[in-house]
Every structure is written in C-alpha cells, then in structure tokens.
1. Listed residues B:PRO61, B:PRO30; which is more than 12 Å from chain A (Cβ to nearest Cβ), assigned to a helix (DSSP H, G or I) and of a type outside the set (Val, Ile, Thr)?
2. If I ask for residues that are away from every other protein chain (no Cβ under 14 Å) and either within 30 Å of B:ASN18 (Cβ to Cβ) or open to solvent by less than 20 Å² (accessible area, probe 1.4 Å) (or both), which ones from segment A:211-261 would you list?
3. Every residue in segment B:47-61 that is open to solvent by 10 Å² or more (accessible area, probe 1.4 Å) and either at pLDDT below 85 or more than 15 Å from B:ASN116 (Cα to Cα) (or both), please.
4. Give the residue that is modelled with the lowest pLDDT, with candidates limited to residues of segment B:127-141 that are assigned to a helix (DSSP H, G or I) and buried (at least 18 other Cβ atoms within 10 Å of the Cβ).
5. If we keep just the residues of segment B:62-78 that are touching a residue at least 12 places away in the same chain (Cβ under 8 Å) and surrounded by 19 or more Cβ atoms within 10 Å (Cβ to Cβ), which is farthest from B:LEU120 (Cα to Cα)?
6. Contact list please: Cβ distance under 9 Å, first residue in segment B:156-185 and within 22 Å of A:LEU79 (Cβ to Cβ), second residue open to solvent by 30 Å² or more (accessible area, probe 1.4 Å) and of a type in the set (Phe, Trp, Tyr), pairs at least six apart or on different chains.
7. Might you check whether a residue that is surrounded by fewer than 23 Cβ atoms within 10 Å (Cβ to Cβ), facing chain B (nearest Cβ under 7 Å) and either at pLDDT 90 or above or more than 16 Å from the chain's Cα centre (by Cα) (or both) occurs anywhere in segment A:267-277?
8. Could you list, in sequence order, the residues of segment B:29-60 that are among the aromatic types (Phe, Trp, Tyr) and within 19 Å of B:ILE11 (Cβ to Cβ)?
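The values are calculated or read from the model by the stated rules, or taken from the named source; none is laboratory data. Keep in mind it's a predicted model, so treat the numbers as computed, not measured. Here the Cβ is made from the backbone with ideal geometry for all residues, glycine too, and neighbour counts use every protein chain on show. The accessibility values were calculated without ligands, DNA or RNA, using every heavy atom of the protein model including side chains. Shrake-Rupley method; radii C 1.70, N 1.55, O 1.52, S 1.80 Å.
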Amino acid sequence: MAKKTISMRSASQENSAAVIEETEEAMEEKQAVEQTEDAVISEAATEQPSAPEKKSSVGGTFGNAMKRGVILENPVLRLVLGTCPTLATTTAASNAIGMGIAATLVLICSNTVISLLRNIIPDKVRIPAYITIIASFVSIVQMLVKAFAPALDESLGIYLPLIVVNCIILGRAEMYASKHAPALSALDGLAMGVGFTTALLCMGTIREMLGAGSLFGAKLPILSGQPILFFSLAPGGFFVFGMLIAAANKLSKKNNLPVRNGCGDCPAAATCSLSGKGGCK
Amino acid sequence: MNMLRMVVTIILAGILTNNYVLSKFLGICPFLGVSKKLDTAMGMSAAVIFVMVLSTAVTYPIQRFVLEALGLEYLQTIVFILIIAALVQLVEIVLKKYIPALHASLGVYLPLITTNCAVLGCAILVTEDYSSAVYGFGEGYLYALSCAFGSGLGFLVAMAIFAGVRKRMEFCDIPETLKGLPITLVAASLVAMSFLGFAGVVHM
C-alpha cells in the first residue's frame, strides 16, 4: 500500500508522501504497541485486579481514536472523502447534523461487521461484499429515519440512500476495519463519524448563518436582515468547502502535520482501485 | 410531438439547469479528481454516460416489475447498487474480450464508476421523477433513459469546462495556502455560479 501510494505521486510530492507514510507506519506501530499493552494489562487484571489502570488505558485508546478521527485524520477536511454529502446537505446546520448521525450509525455498524468477517471474505470479492454489507445498513438507517424523523428524510432526500457510495464508509472498511479487531473498528467508526459530523456541522453553521441568516432555524439579529443567498446555493457550498480545507491545511502546517489531499489531490483515492497504478492521470 | 418535446426538455435540463455536478453535487469525486487534463476528463465522462444509461435501462424495469410488483420498494438501495456494481464488472469483461480498443480508452475509468454517486443517484432519481405510476411504463422508461443520457451529457459538459479552467490555472501564481484542492474548489464555485445563470431557461 505504501509503495503504491508513493508511485502515484508526482516527483515534487514524493517527499511529503514519504513523510506521510512514515507517520502512518509510526501510528500503526504505536497502535500495535498499545494493543499489546492492552492485552498485557488485561492479563494482569485477571491475575490481580487493578481496575483503575485498565480503565485509564482504555480511556487512552478512546482518546487517541477520537483525536485521530476528529483532528489528525478528519475524513472531510484532511482525507477529503465524502465530498458529495458534505456539499449537498450543509445548507442548514440541522440537516448537517442529521446526515452526520446517519452516516455515523452506518459507519459503526458496517465497520464492526466487516471486521468480524475480515478473515472469511475472500480478497478478490471483498469490495462487492463490503458494498452489500454497507447497503444493508444504509437501508436500515433509511427506514429508521423515514419512521422516526420524516422531516429529516424529506430534507436529505436522495442523499440518504447515497450514503452507500460515500467514500468515507468504503474507505474506512478498506483502510481500517479489514485489518483490525471488531472493538477497535467500531471505535474507529465512531471517531470517524464524529469527525464527519463535526466538519459538516461547521460547514452547515457557516452556510446557514450567511446564506439564510439563521441558526438551527432561529433567526439571527443582524444577519437575517439581508442574507447572502450565494452561500445557500451550490457555488457557496464549493466556496465554503474550499476555504475550510485551506484553513485546515494552514493549521496542519502550523502544527507540522503533513498536508494530505489524497492521491495527488484526488478525493476518490481511498476507494479507487487505480490508486497507485496511475491509470487516471 | 408532445413526447418528443418532453425528451428534448429533459436532456436540456440535465445539461443546463439540473446539472448533476454543479447543482446537485453528484459525482464530485471524479469531477475534482480526473479533471486535470481534457482527454482524461473526456474518457471519464464517456464512461459515465455509458454506465449511467445502461444502469438506468436495467434498474428502471426492475423497479417496476420486481420491486414494485412484489412490494419490496425498501430494498431499492441495496438492489440498485448491486446491479450497478455487477454491470460495471460485466461491461469491463465484455469490452476487454470483444472491443479491446474501447476497453483501452474507457477501461481504466470503469472501476471508479461503481462508487460514483451520480450513477446510483440517477437510477434512484428517475424512479421518483418519471415513475411508471404517473407516466405509464413505456413513456416513463423513455423519459428515464433520456434523463440518464442528458445528465451524463451534463457531466461531460461540466468536466470539459472545468478541465479548461484548471489548465489555465496551472500557470497562475496561487497563494501557498490555497494551492491544490482549495483553489480547485473555488474555481468549481465560479463555474457553478456561471451555471446559475441558466436557472429558469428550461421549464419542466
């Protein structure tokens, strides 16, 4: 995987790519160490119960996963996955939250099931198998939303079934759930889902405040006087998204995090079967 | 005559007013990913038009004669995505065997299309917009196919324009922070704004 990604990048990007791979490897190693630590601690716990120590290590894993999902590898702003729902459902903050929660539910369930089946699914048919699993959970979420939040169903419309082809979910299945234990995968799903929801909420808030002059449907004092329609229309979505990614890149640089815009800026890189083969260039 | 006018209207709407990429945000990933050069953009768009029309041609009758007939509408998402995934695989195999020249030019884009939301989005949208319950099967099928074709053409037009814009941007002096994806998105915003000018040109 590391080699593939590097070969895809142009020469000028190769250096930063190498840095990314290194940090990724370091991260994975760290995780592996943590896992073994967990195992050791839990063994110790069964021998002579020392509950507080175990708790703190579990809390540490949780905290790390959350930090990774929301900040270091934020699926929308850092990995640039799932651009379609990000742009389409953020005209209002409440829609953004609804979309985020629906995607999070699917993400947790599909990650868990795929991780449970990771040794059973043959490598050759894994993508169709993942898609089937994801599609089942999307159907379930669709029915739940229709039954309990019909207003949300109305406003999300076509984008609710389109969670199936959301790159974040397939991307996490491929990148994480197919290689890790169920509990860790579920945690990763939760963390990524929270990261997705946070980014959507951020965008939804900005677009609703500027475009409609309200927040969660409540009119704001000054902004509602003359709302800037541009921000609730399609062009505004592209513009706000671009500015948010620019801000995320700026902050990443400030904190010496590698700037990563997918496979040579391609948002489809994570799920793309060509990733690394260079066919699309 | 009336039907012909409707078909032309649907195709024009797909290109100008209801452009999938620029007004409905469907298929953004390939729009941003493979629009760096005009020829790759054209190859991708051609593959999208092909798969979109083909998948609509298969999913529309299935919605009418299997899902609706048996009361299984809730299985729409899972059935449609599986059909699209299988179709893409099938097309790839058939092209490889019988039309290697076409496979050489379209082949690399085909695997990318399975996860292209424009294809699934189109298949689902036409069953709602041109449902056979309202138009009858024959007429609805015709409208659904023209909608798929028109939306595909819209994708092609958006890709072609955007590839041109990006080519011009390559030699521009762009602020460090905006380099890469951010400036691409701002450019997309401007292209989308120009398409807003078409609003109201085509009345459905």
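1. Answer to the selection: B:PRO61.
2. A:ALA212, A:GLY213, A:SER214, A:LEU215, A:PHE216, A:GLY217, A:LEU223, A:SER224, A:GLN226, A:PRO227
3. Filtering segment B:47-61 for residues open to solvent by 10 Å² or more (accessible area, probe 1.4 Å) gives B:49-50, B:53-54, B:57-58, B:61.
Once the filter is applied, which keeps residues that are open to solvent by 10 Å² or more (accessible area, probe 1.4 Å) and either at pLDDT below 85 or more than 15 Å from B:ASN116 (Cα to Cα) (or both), segment B:47-61 yields B:ALA57, B:VAL58, B:PRO61.
4. This residue is B:SER132.
5. Checking each candidate, the answer is B:GLN63.
6. Filtered contacts from segment B:156-185: B:LEU185/A:PHE239.
7. yes
8. The answer is B:PHE50, B:TYR60.
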